[in-house]
Structures are given as C-alpha cells and as structure tokens.
Amino acid sequence: MAVARALVPFFEEAAVTVRNLAGDVLAEISPVPACISEFKREIAAHTGIPGVAQILTSEDSVLELSSMEMLLEGSHEILLLVDEDAPLLELRWILDMQCTDLEETLRIIKSSTFLQVSKGSYAGAVDMAEALPLLPQLRQLRLCGNGIGDRGATAVGTALSTNTNLKELDLSCNQIEVVGAKALGRALSANCTLEQLELTGNDLWDNGVKGLLAALTKDSGMTCLNLASNKVSDEGAKAAAAALSAGSSLRILSLERNKLGAEGAASLAAALAATSLMELRLGLNFIGDEGAAAFAEALVTNSSLTELRLERNAIGDEGAQAVARALALNSTLSSLHISNHTILNAGRAALESMQKERQPSLKLKL
C-alpha cells in the first residue's frame, strides 16, 4: 500500500505545510479552513488525494476530531492513502469500528464483509459510494438513519450500477424521496448481484416505488425488498404487482405500514399466480374484507407463499372466513398473521378450526 503521512502543525498559524515521511512538501494550505470538511477538500485540491482517502491520526491511533477547534489544540498527522487498492473510508466510519490501532483498523476494513455507518450525512454517503470499489470483500452495508436524502441515494445508486460484490444494502430512514428512489431503480437495472434492499421509513410515495420497481425484472438478483412506511397507496401496490407478474426474482416483499386499500391488495393477490414470492408482509394497511377475500382466492391455487401478514387491516368476519376456507385447499402457507380487532367470534372460530386441521403445519397469529 502506498502511503504518504504528513505531520501538520496546528496552532494559530495562517498557513499549514503538509509534508510526507521523506520531508517533501505535499501542500501549502492558507488560510486554514474553518471546518474539517473544508480542510479535507483543500488537501484534496492541493494533492489530488480525495477527502475520502484522508484519515486524521495521532501517534498511530485513530483520533476523533469533530471540529477545527480541536485541531488547533496541537499537532496531528494526516494519513493519505493513495494506492488504488487502499480501503477508503471517512474518519467517522473507522471510529464506528471501535479500533484504535491504525494498522489494525485498516486491515479490518480491508477484509470486512459487513459495515455499519452511523452519524453520517449526504457527503458521507458520497464518500462511501466512492469507497465501494475499493472494498472487494464487503457484502453487507448499513447506512440506515443517516439522513442522506436524494443526493446521497443517487451517489449510492451510481456506485451500485457497477458494483458486483455487495449483497445487502440498508438505506432505511434516510429521507429518500422520489428522485433518490428513481436513481436506485436505474442502478438496479444494471446490477444483478444485490439481493436485499431495505428502504423502510423513507418518503418514496407511489411515484418513487414505480421508479424503483421498474428495474425488478427476471434478470434482477433482488430477493428481498422492504418498502414499509413509505406512504405507498394502491398505485404503488399495482407497481409492485406488475414487477411480480413480470417475473421478478423477489422472494420477500414488505409493504407494511403504508396506505394500501382493497384495490392494491387485489392487484398483489392476482400477481401471486405468476410469482415465486414466499413472504408477503402487508400489516397495518387498509385492505379490509375485500382485500382479504382477494388473497383467499389467490391462496387456493398458490404453491409458493409460506408467510402472509395481514394484521391490523380492518379485516372482519367475512374476510377471515374467506381466508379460512382457502386454507383448506392450501398446504403451502405455514405462517399467517391476521390479528384484527374487527375479527369477531365467527371469523375467529373459522380460523382456529382451520388451524387445528392444519397443525402443526400452520402457525396462526390472531
């Protein structure tokens, strides 16, 4: 690994000289920027080494520095990783590894198959996206709760379009909206290796779901997609149904805690005939008896679905009884969550009777 390490004195000087271990001057920076991110951009501008490849250290240990004021208290080193095989990560991601020895930190990141990033931002997402090609062992990346927004999602999408290593990506709770969802959709049209994508708790709405799911054809490697809590209504459910009907590779789909009604449920139920979906999670929506009846009809002939979640969907006795009758003709479903306070004695009795007939092959949660 080609490394240039520079000792940078920070006191109240108007300029900073960056030198490598051989004593060569790498950069003269003046004036000293007011914040860490600006300072790293200046180093990048003067040396050609991107900010994502700069790690601040002190006595060969990773040093947590959150402001220029902390830098001004003494002298610190900047480790510049310039080899194309170097693992490139921002400081905060290294700190999350809870490793203080610099050499050990770099070794862990280089060989890591799992990485979770916290306290990030849009800029951090861009840096992480740039780092992906240099982390060939990485299989799972969690960026949940970092507020990366559409710009961060777009940067990640750009990296995904050429990445062939990552299998699982968690972008939950990141303020991603329609633009970011469409960017991820474009990336998935070129990526056949990502298997699991978590997008819970964003703001995709129907248009975002449409843009995302347009890429999920039979050529996609995606097997698990979580779109819970994204303000998705029947139109988004229809887009999901269209993707399933087109031969999507999905095995697990979650649309929990959205705004799906009977129409969206009917579309998804009809799509089950042309898919190998194994788990469908629709809890906390509004499908009602009509939506439950649509799934009951689909269950009669479906032979792939093993888990169905319909809890808290305003389903009453009529819908519950329809599902119970369908289960008499279905031997594949092994887990049904259908707890609804609107299911009264008749519906409950029908489901419990069917469970007794199917025991132990059916797990029923009422």
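Numbers at a glance
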{"read-out": "Rounded to the nearest 10 Å², the accessible area of Glu130 at probe 1.4 Å", "value": "90 Å²"}
{"read-out": "Furthest towards positive pole of dipole, Gln140, Ala155, Leu188, structure part the range 117-265, Cβ charges", "value": "Gln140"}
{"read-out": "Order of exposure, largest accessible area first, which applies to Lys210, Lys363 with probe 1.4 Å", "value": "Lys363, Lys210"}
{"read-out": "Computed lengthening from Thr164 to Ala242, 0.36 nm per intervening residue step minus Cα-Cα distance", "value": "25.5 nm"}
{"read-out": "Fraction of accessible area attributable to carbon and sulfur, the range 226-366 (%, probe 1.4 Å)", "value": "50 percent"}
{"read-out": "Cβ-placed point charges (K, R +1; D, E -1), dipole of the range 160-290 about Cα centre in debye, nearest 20", "value": "280 debye"}
{"read-out": "The range 242-366, dipole about Cα centre (Lys/Arg Cβ +1, Asp/Glu Cβ -1), debye to the nearest 20", "value": "380 debye"}
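The values are calculated or read from the model by the stated rules, or taken from the named source; none is laboratory data. Predicted model only: the values in this text are computed from it and were never measured. Counting neighbours? That spans all protein chains shown, and the Cβs are built from the backbone with ideal geometry, glycine included. These area figures cover heavy atoms from the full protein model, side chains too; ligands, DNA and RNA do not enter into them. Shrake-Rupley method; radii C 1.70, N 1.55, O 1.52, S 1.80 Å.
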